Amino acid sequence: MKSKAFAALKYSLTFAIAVGLFWWLYRNQDFNQLWRNISQARWEWIAASIGISMLSHWSRGIRWAIMLRPLGYKAGTMPSLIAVMIGYLANLVVPRMGEVTRCAALQRMKGIPFQVAFGAVITERIFDMLLLAIFTLLSLWIEFDRIGEFLTKIFTTQGSPNSISDRSLLLVAVVLIMVGVVAGLYFTRSYWKQLLWTQRIVGFLKGLKDGMLSVLKLSPAQRFAFFLHTAFMWTCYYLTSYVLFFAMPATENLDWHCALAILMMSGISVVAPVQGGIGVYHLLITATLAAYGISQVAAQEFAFIAHSTQVVMFIGFGLIALALSNFFKPFGESVKMAQR
């Protein structure tokens, strides 16, 4: 009972934080004007953004099914997609519950053991986090001048950053810091190995390594399909935001650089432990667009449209997926493919 009460308190607190962030950001917004502006948005571009987003989820379902094949299980594209959409629906209620829920849904539909499906999910999440880190570094590198000017305004009133020399200095500083940290950890490794929390970190990192290496179990054709769907999925993530720029006159002239920054911020908001990224997404996207010269009101409107359309999509398609899941019956051991 105590654990259930603690979990309920924790999720209520995260939801309160999300609502608080949302209220703080939109506290001065005229919601009547907001609805009028949204009603004047170009809905064909919003529909295109939703369609591209659904393609990414379809690709995620296929990629998940591909990873289960070498383990001896045939999930199927439709059951995998249904489970993925149910997972997204669960994330709107309880943060980080989507991965667990979609594995449970696939087990109920196809009889695939939960731990097998969850192991594949962990592996694909590792690759997604790696790509998010790459896109984040790429965005910071491309937009170094903009970020540098912003930091210069904060810390000094003189000069402006020199992009080439400052990038070189930044890289050298990062490398030196990393070398120093690694060297320090190496020479004090006997001390750190005795600490419980470091043992847990080492175990976690070992799990990440095992997850990465599990892709090697795929056949060459399956491995190609895995990376192809990964690339396609992240391209869809990028295009989901880029296409949405054309839905509003205030954002229709934004370039691909800004879309890359939006992708980075969207990924960070998804990682945040709040239901559906509420509040965090709006705050990060609004701040990003403001850095590109978009007015505060227009930036808030774009963030509201982008997030709301995704939430409506997750609720709509999630409920449909939940209903469709009842038509699938597990076949027990019959789903186990013959080992060749």
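Rule-based calculations on the coordinates, nothing more; no lab input. None of the values given here were measured: they were computed from a predicted structure. All Cβ positions, glycine included, derive from the backbone under ideal geometry; neighbour counts span all protein chains shown.
Computed quantities for the displayed model
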| read-out | value |
| --- | --- |
| Gap separating the Cα centres of region 246-313 and region 32-96, nearest whole Å | 18 |
| Neighbour net charge for Q296 - beta-carbon separation under 13 angstrom, K R +1, D E -1 | -1 |
